[in-house]
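Okay, so here's the structure we're looking at.
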Amino acid sequence: MELTELERQRVEKLERLRALGIEPYPHRVRRTHTIAEAIAALEEAEASGKEGPYAAITGRLKSMRVMGKVTFAHIEDGSGAIQLFLRIQNLGEDTYELFRQNFDLGDFVAAEGKLMRTRTGERSLLVERMCMLAKAISPLPVIKEKEVDGRVVRYTHFSDVEERYRQRYADLACNPEVREVFRIRARIIAALRRFLDEHGFIEVETPILQPVYGGAAARPFITHHNQLHQDLYLRIAFELYLKRLLVGMYDRVYEIGRDFRNEGVSHKHNPEFTQLEFYAAYWDYNEVMSFCERMLAYVAEEVTGSPVIHYQGHEIDLRPPWRRVTLREVINEVTGIDYLQFPSAAALASVMKSKGLLARDGASWGYLIDKGLLSEVEPKLIQPTFVMDYPRDISPLAKAKPEDPTHVERFEYFIGGMEMGNAFTELNDPFDQEQRFLEMGRLYTPDDEEAHPMDEDYLKAMKYGMPPNGGLGLGVDRLVMLLTDKPNIREVILFPHLRAKS
């Protein structure tokens, strides 16, 4: 790999250390305190009128200010940052010069000494011993500051914003604000688990490699098992395997994990994403709605301290009850089209085009409603909203409404102008399910994203008896976007998918 001039200079320092018998990547390190623990120990000693204790700490060098025989530096670990106070009289001339000439910003170091406060009151470590733990060859991106709404915000300057995602390691190393997003993400997932566990759900794991994909309307990724000479699919949903477990006498199950969909990339879509799905025996979609709104209000309060959050300039109240509206009502409200007045795909496409709306040629009636009309509605649904009762032809796994067999008991829920997830009163009649799969096969070509293949093993499971149940899917990445006020999914996925560089 070709090195820059700065990298070559750092390699020379590395070689100089080795020539002096100093290993710049030692096997072991002594650490008595994290930086947060060291600060707490200093404050505890001060409160009791004692001197600061001795501490051995580690971290990455973030700043250095050499002032002759004294140097002030800052190091940072995963818990915080502290100042290092280096004096030639404490370190000795040889060690002090070794540090001054061979240590750079970005290096990982270990420092030992007494904890203290400088005359300016800054919490510091008066360094008596210091060593290199990992020499940084590449300098980290330059940290800059700017004022936003009267406060100073630190940020890292990348010439191309995508480099933040391509080099997430450097982004995290420089930006504590970015690290905090992913700490919040971990707390969100923990809160979801806690809520589900406390309500009698059991967490399970289902196959990622599946012989038949299903449970959602999406194009799968295909892979191949060499020894079995078999094509397999990366799962697009957990649904069909989780519902098999209801047959096996688990009443409430959930899974949090990765799904993979071979679809476009946008500010709301990544080819691999984190999903929560749960299924509860003896619930219908009304009980799922009530549980969903309570769960998300709980998570918001656990993570942000309040069920009232702020997202992209909007104050959003997640406290139950949320608005409930049918798909027909909300589409008519926004577009002026009552789609039931246009019962064929051709008629619906015609009226949509007359109003300047996109209508894909050859699309089914349900597809036009979902992808065409509902897309006009979604950005306007800022406050939490359950949109209920979807066309049967795009909902092969949901029970039909008893009073209207053209629609099913399905809802999607929207917050902040984003769809957050999908839920059904789940179909548990194996013969009805088989008919739905056949209907989908007639409506769609095999390569259509909306197609749902026949899953014979799932039908076999249903024939053993599946209890009535309700299920829900939640896009975890979008929930993280919501609770961290991020408009782009790439900001909340550590390593988002990006187009390959030429």
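The values are calculated or read from the model by the stated rules, or taken from the named source; none is laboratory data. Here the structure is a predicted model, which means the values were calculated and not measured. Methodologically, a virtual Cβ is constructed for each residue, glycine included, from the backbone with ideal geometry; neighbour enumeration extends over all protein chains shown. Side chains included, ligands, DNA and RNA excluded: accessible areas come from the protein's heavy atoms. Shrake-Rupley method; radii C 1.70, N 1.55, O 1.52, S 1.80 Å.
Return a yes/no flag: does region 210-228 have any residue that is touching a Ser or Thr at 6+ places or on another chain (Cβ under 7 Å), open to solvent by less than 70 Å² (accessible area, probe 1.4 Å), over 23 Å from Asp429 (Cα atoms) and without any contact (Cβ under 8 Å) to a residue 24 or more places away in the chain.
no
If I ask for residues that are within 19 Å of Thr120 (Cα to Cα) and touching a Ser or Thr at 6+ places or on another chain (Cβ under 7 Å), which ones from region 40-81 would you list?
Scanning region 40-81 gives Met64, Arg65, Ala73, His74.
Output the number of residues of region 179-197 satisfying the condition of being farther than 15 Å from Ile256 by Cβ and either surrounded by fewer than 19 Cβ atoms within 10 Å (Cβ to Cβ) or touching a strand residue (DSSP E or B) at 6+ places or on another chain (Cβ under 8 Å) (or both).
Qualifying residue count for the region: 5.
Which numbered condition trips up Leu3, out of (1) assigned to a helix (DSSP H, G or I); (2) modelled with pLDDT under 95?
(1)
Which number in (1) farther than 27 Å from Ile208 by Cβ; (2) open to solvent by less than 50 Å² (accessible area, probe 1.4 Å) marks the one condition that Glu255 misses?
(1)
Under 7 Å between Cβ atoms, which residue pairs at least 6 apart in sequence (or on different chains) link something in region 372-387 that is at pLDDT below 95 with a partner that is of a type in the set (Val, Ile, Thr) and open to solvent by less than 10 Å² (accessible area, probe 1.4 Å)?
Filtered contacts from region 372-387: Leu373/Ile331; Leu373/Ile337; Leu374/Ile331.
I'd like the full set of residues that are in a loop (DSSP other than H, G, I, E, B), without any contact (Cβ under 8 Å) to a residue 60 or more places away in the chain, surrounded by fewer than 17 Cβ atoms within 10 Å (Cβ to Cβ) and of a type outside the set (D, E, K, R), limited to region 33-64.
Ser48, Gly49
What number of residues in region 327-338 are surrounded by 15 or more Cβ atoms within 10 Å (Cβ to Cβ) and either of a type in the set (Phe, Trp, Tyr) or outside any helix (DSSP H, G or I) (or both)? Outline the logic, then answer.
Applying the first criterion (surrounded by 15 or more Cβ atoms within 10 Å (Cβ to Cβ)) to region 327-338 yields 327-328, 330-332, 334-335, 337.
Pick out the ones that are also either of a type in the set (Phe, Trp, Tyr) or outside any helix (DSSP H, G or I) (or both) and you get 337.
Number satisfying all stated conditions: 1.
Please note which strands (runs of 3 or more DSSP E) are completely contained in region 183-278 and include at least 1 residues that are acidic (Asp, Glu) and closer than 20 Å to Gly421 by Cβ.
In region 183-278, the matching strands (runs of 3 or more DSSP E) lie at 252-260.
Being in contact (Cβ under 8 Å) with a residue 12 or more places away in the chain, in contact with a Cys (Cβ under 6 Å, 6 or more places away or on another chain) and farther than 16 Å from Pro176 by Cβ narrows it down to one residue among Ala73, Ala110; which is it?
From the options Ala73, Ala110, the qualifying one is Ala110.
Considering only residues of region 471-480 that are under 12 Å from Glu419 (Cβ atoms) and under 9 Å from the mean Cα position of the chain (by Cα), which is most open to solvent (accessible area, probe 1.4 Å)?
Here the answer is Arg478.
Taking Gly441 as the residue in question, decide whether it is outside any loop (DSSP other than H, G, I, E, B) and closer than 30 Å to Ala186 by Cα.
For Gly441, the condition - outside any loop (DSSP other than H, G, I, E, B) and closer than 30 Å to Ala186 by Cα - is not met.
If we keep just the residues of region 307-326 that are buried (at least 17 other Cβ atoms within 10 Å of the Cβ) and part of a strand (DSSP E or B), which is farthest from the chain's Cα centre (by Cα)?
Val325
Residues in region 166-174: is at least one buried (at least 16 other Cβ atoms within 10 Å of the Cβ), modelled with pLDDT of 95 or more and in contact with a helix residue (DSSP H, G or I) (Cβ under 6 Å, 6 or more places away or on another chain)?
No, every residue in region 166-174 fails to be buried (at least 16 other Cβ atoms within 10 Å of the Cβ), modelled with pLDDT of 95 or more and in contact with a helix residue (DSSP H, G or I) (Cβ under 6 Å, 6 or more places away or on another chain).
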